[in-house]
Amino acid sequence: MMNNRIEMFKKDVEAKKAVKIIAGIDNFDIENVRNVVTAACEAGASAVDISANKDIISMVMDISTIPVFVSSVNPEELVDAVNMGVDAIELGNFDAMYRNGMKSFSAEEVFNLAKTTIDMLGHRDVYFSVTIPGNIDVNEQIELARKLEGIGVDIIQTEGYFDSHQSDGVLGLIERAERTIANTIELTRNIEIPVMTASGINVTTAPLAFASGASAIGCGSCVNKLNSVISMIAVSKSLVEIAERNVLMVPELV
């Protein structure tokens with residue numbers, strides 16, 4: 001049976017106002033992660049997402065008052081995280097891997113990794129998110145999402161297309177956000193489980209993500225790249241406020 005803390009996240013997803021603050025799948029700086037988690041908790045975010053590093057997991061589980069996601073592309077690491085008591089697991093985020101030179105994951109690879117994870121978990125019930133690679137064709141994304149839905153995945157996370165030649169700065173973020181928002185629209189039209197929009201989502205693009213039909217947003221670099229806890233709290237609070245406001249005010253684009 002799922003723990004009570006993940007119910008907080010599920011309620012926000014159902015209300016289409018969930019905000020997940022992402023420390024980073026490749027972020028092993030324990031002080032930075034501590035600051036991100038502190039900011040997310042202080043801001044009232046719906047969840048925080050961290051790497052599968054065991055020292056980081058232990059630290060975060062001790063201090064977090066909100067649900068903790070652990071992200072990895074390794075099923076064994078995800079199962080180990082469940083054994084450590086985390087609230088949720090995520091297969092992804094792949095875009096961090098692309099930046100380090102890793103090839104794009106195929107739809108078949110993602111499905112096989114997700115199925116392996118579920119098989120390894122056995123009867124243990126844990127909230128499971130899977131990232132759909134933004135680099136694959138949208139029809140493949142839809143087919144993959146439907147297959148993941150069929151094996152019991154709880155939520156799909158989108159990502160933008162990663163291009164090493166994309167624009168720098170704000171323009172690059174907008175380009176990433178444009179693709180992930182388009183993917184959100186396509187997926188929400190074709191699957192029943194909720195969709196979480198990530199990649200390039202910040203205080204500027206978050207309203208568009210919710211308007212596209214997202215039940216949740218995943219926000220990373222707009223928080224974890226900041227230099228102080230105060231700044232991290234301020235941005236996280238703004239994201240939470242946007243989520244609350246959009247529930248009431250913004251009609252869906254879909």
Can you run phi through the Karplus equation (6.51, -1.76, 1.60; θ = phi - 60°) for segment 45-57 and list ³J(HN,Hα) in whole Hz, with x for Gly and Pro?
5, 7, 6, 10, 10, 10, 6, 8, 5, 5, 5, 5, 4
Given LYS11/LYS115; LYS17/LYS54; LYS16/LYS54; LYS147/LYS237; LYS54/LYS147, which pairs have Cα atoms separated by over 28 Å?
LYS17/LYS54; LYS16/LYS54; LYS147/LYS237; LYS54/LYS147
What is the order of MET8, MET232, fewest Cβ neighbours within 10 Å to most?
MET8, MET232
Report the residue, chosen from LEU239, LEU121, LEU171, that carries the largest GNM mean-square fluctuation when the chain is represented by alpha-carbon nodes joined by springs under 10 Å.
LEU171
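Quick one: if you take sqrt(5λ) for each eigenvalue of the C-alpha gyration tensor of the chain, what semi-axes come out, biggest first, whole angstrom? Intermediate results must be reported in sequence, preceding the final value.
Details: eigenvalues 100, 99, 68 Å².
Working through the eigenvalues yields semi-axes of 22, 22, 18 Å.
No value in this document is a laboratory result; all are computed from the given coordinates. Bear in mind the structure is a predicted one, so any value in this text is a computation, not a measurement. All Cβ positions, glycine included, derive from the backbone under ideal geometry; neighbour counts span all protein chains shown.
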